[in-house]
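Structure first, commentary second.
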Amino acid sequence: MKRVLISVLIAALMLVLVTPAAIAKPDKDKPLPATNVELVEKVTLRGRPAGKGKPAKQAATGVLGEQLGTGANKYAIVIGISNYPGEANDLQYSDDDAQDIYNALTTLYGYSSDNIHLLLDMGANYNAIKAAVNDIEEKEVAGDEVLFFFSGHGASGKADDGDKEKVDEAIVAHDGSNLVYIWDGELKEWFADFNTSRIIFIFDSCLAGGMTDLKAPGRVINMACSERGVSYESDSWQNGQFTYYFVDKGMLDDLADIYDHDEDTILPEATDVTIEEAFDYANANCQMQKPTISDSFSDDLLL
């Protein structure tokens, strides 16, 4: 009887000691642990690749989808990292990518600078990015619009991010001293409790096509390359290739404007280039990389 009692007590003690650690969940405000991590660097070219863009299957329907209601707000998190800790991983134009989408949002699409978190280089650390997501989550309500843009490096690995993928993809941030990886499942968790379903994601990084984990009704995910692809930047573009065609030529130069949505009177300098039109233009013109889109918005989304 004593042996049985001792065995029960030992088992209970082991349960108390082991269970908390065994069931503990990762801290949502700290980088997730991962193994087999491989940084996949965006490639900087010293010229423009030869060739012409090829016609691509169209994402745009030509039909304008649901527009923002009266009083709805627009929020954005815009991240561009060219200057990583040290010098080995530095890029040339990711911060320019971020500045260009910021300019497009504020001059063409009616975004207020007060509602945009513009995070560049050493200011785009993990804590700042997470704080920006938290800040907008506290403010946004159903019917608002949220945009998340990232330009920088990508990575692969096996992360404890809540999904069952054998290989996870990440965008690469930092903590001021070291690289920090924000995994696809982690991003999914960050945006899981947003009230609005109208969310646009834009990733100009390697392995960007793996960010389809973020797919949900009402969302449009624009990815610079395939799940195993490499993305490029160039002195000729002064940008990442995808951002150059998606934002600079497609939006700011209005070259993606194929369909007339009769929205030019909303703002003095407004554009009616939709997200899908901008993607189609980038997809038709990008070389050596294959842009990918996951579009769960009904018809075409005008920012």
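FYI, it's all coordinate maths here, none of it is from the lab. Note that the structure is a prediction, hence the values are computed from the model and not measured. Neighbour counts are summed over all protein chains in view; Cβ atoms, including those assigned to glycine, are modelled from backbone coordinates with ideal geometry.
Structure summary
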quantity	calculated
Along each principal axis, Cα extent of segment 98-207, largest first, Å	40, 29, 22
Which of Cys286, Cys225 has the fewest Cβ neighbours within 10 Å, and the rest in rising order	Cys286, Cys225
Cut-off 9 Å between beta-carbons: net charge of the residues surrounding Leu214, Lys and Arg +1, Asp and Glu -1	+1
Within segment 116-146, backbone nitrogen closer than 17 Å to the virtual label 7 Å beyond the Cα of Asp29 toward Cβ	125-139
Stokes-Einstein translational diffusion, segment 73-295 - Kirkwood Rh over all Cα pairs, 1.567 mPa s, 4 °C, in µm²/s	75 µm²/s
